Amino acid sequence: MLHHISINQLLGTFILLSVSLGVIYFFFNGGETMYERFCQPCQDNMELEGTDLLTGEQVKECNDNKLWRDLTMQQGLNYDQPSVMKGRTDVNSVTNWNAPLVWEGTFDPVVIDAIYKKMDPRVAVVVFAVGKYTRFLKAFLESGEKFFLVDFRVTYYIFTDNETDVPPVKMGAGRRISVVTVPSANRWQDVVLGRMKWATITIDKQIRNEADYLFMMDIDSVFRYRFGAESLSQLSAVLHRGYYKTTRNHFPYERRRESTAYIPYEEGDYYYTAAVWGGYLEDMYKLVKYCYEQSQVDAENHIEAVWQEESHLNKYLLYNKPTKVLSSEYLWADYDQIPADIKVVRISQLVKNYAEVRPNGGH
């Protein structure tokens, strides 16, 4: 009797183990697209991080993404010793959620580049050059090759309605241009909102397999100074030059309750620009898709957020804090005088005649 029970128990254990192994095999192989949707560069090693405060969805992250937070670097690198007593005293260099607030003088470019170069990330830059905005491509690309993540692997994804206007620009080693055709638009607002739609689709179909980090940038700007690895993080947002010294009640948030981008006057950290933002590929995909979907909800309710995707971007980042905040050095404008706290201008928006370059005359 005891011998008979032992055999049954052994058989039951074997069956249970076989079923478990089968489930595990399906989960890690047959279900690989689920992992790919959530995470790059890893695809099969995720852990639950928490809950998205806006959508209520569970947020997952790859354990292997710790590789992209690895602070190791090669031996024998020469650089200045950091000080615990000296540094920038005219600006704040940390947020109230303890994320870095990056200014010139708060990091060592030799050290930070060495750390990230060891990881050898692939960086995507998404820009839209629709209609007359193709005229800005040459200066953007040539200055990017001079100042943007030099010696890193970079692909510029140019979304345009006229491929023949994309200029030939000499690329550095490991750097290239990829052209994505998109339809023209009758309003500049539709171009702005269309960025989120076409970026979401293209990340899903193509960029996900080709990049680890992604930046969204405006094409009507040029790089003027080093824009390096200090800008990289899980989610990096840039302080809007016009509002980084103002109080939250003066931020141009969407104040109409009818919009999904609504933020009340008593809430807000900073006002972020939608002209430069970046992060891990999957975190950016989630944010870009969020802006697109929320703008679609607004459209169904016959409302358009006051600053289109920038309004939705600020709503998202208020409740899903960026892991790094970049100062207005990372997007200034040739329109404005440079104040004393901006030691360098890394990228700047160009002066232009909006009535002439925008499809609906800038209105």
Task: Qualifying positions in region 106-146 - at positive phi and over 22 Å from the mean Cα position of the chain (by Cα) - done: Gly131
Task: Test for Ile201: is it part of a helix (DSSP H, G or I) and hydrophobic (A, V, I, L, M, F, W, C) - done: yes
Open item on the list: I'd like to verify a number: residues in region 323-342 that are aromatic (Phe, Trp, Tyr) and under 25 Å from the mean Cα position of the chain (by Cα), how many?
Closed with: 2
- [ ] Please determine, by comparing only the residues of region 254-293 that are aromatic (Phe, Trp, Tyr) and more than 19 Å from Trp97 (Cβ to Cβ), which one is nearest to the chain's Cα centre (by Cα).
- [x] Tyr285
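Looking at region 153-164, which of the residues that are crowded, with 17+ Cβ neighbours inside 10 Å and either more than 17 Å from the chain's Cα centre (by Cα) or not assigned by TED's automatic domain parsing to the domain that holds Arg346 (or both) is farthest from Arg226 (Cα to Cα)? Before you say what the answer is, go through the steps one by one.
Taking region 153-164 as the starting set, the residues that turn out to be crowded, with 17+ Cβ neighbours inside 10 Å are 153-161.
Add one more test, that the residue is either more than 17 Å from the chain's Cα centre (by Cα) or not assigned by TED's automatic domain parsing to the domain that holds Arg346 (or both), and what stays is 160-161.
Values: Thr160: 27, Asp161: 30 Å.
Here the residue is Asp161.
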- [ ] Sort through Val59, Val102 and tell me the only one that's modelled with pLDDT of 55 or more, aliphatic (A, V, I, L, M), surrounded by 15 or more Cβ atoms within 10 Å (Cβ to Cβ) and closer than 24 Å to Ile207 by Cβ.
- [x] Val59
Open item on the list: Within region 175-187, take every residue that is surrounded by 13 or more Cβ atoms within 10 Å (Cβ to Cβ) and outside any strand (DSSP E or B) and give me the one that is modelled with the lowest pLDDT.
Closed with: Arg187
- [ ] Within region 114-145, track down each residue that is crowded, with 17+ Cβ neighbours inside 10 Å, of a type in the set (Lys, Arg) and farther than 18 Å from Gly278 by Cα.
- [x] none
Open item on the list: It is to be established whether one or more residues within region 294-302 are more than 28 Å from Arg256 (Cβ to Cβ), within 24 Å of the chain's Cα centre (by Cα) and at pLDDT below 95.
Closed with: no
Open item on the list: If Tyr265 satisfies all but one of (1) in contact with a Phe, Trp or Tyr (Cβ under 9 Å, 6 or more places away or on another chain); (2) within 17 Å of Glu309 (Cβ to Cβ), what's the number of the condition it fails?
Closed with: (2)
Open item on the list: I'd like to check something: does region 287-300 contain any residue that is of a type in the set (Lys, Arg), within 23 Å of Ile207 (Cα to Cα), in contact (Cβ under 8 Å) with a residue 60 or more places away in the chain and surrounded by fewer than 24 Cβ atoms within 10 Å (Cβ to Cβ)?
Closed with: yes
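The values are calculated or read from the model by the stated rules, or taken from the named source; none is laboratory data. Everything quoted here is computed from the prediction, not taken from an experiment. Cβ: placed from backbone, ideal geometry, glycine included. Neighbour counts: every protein chain shown.
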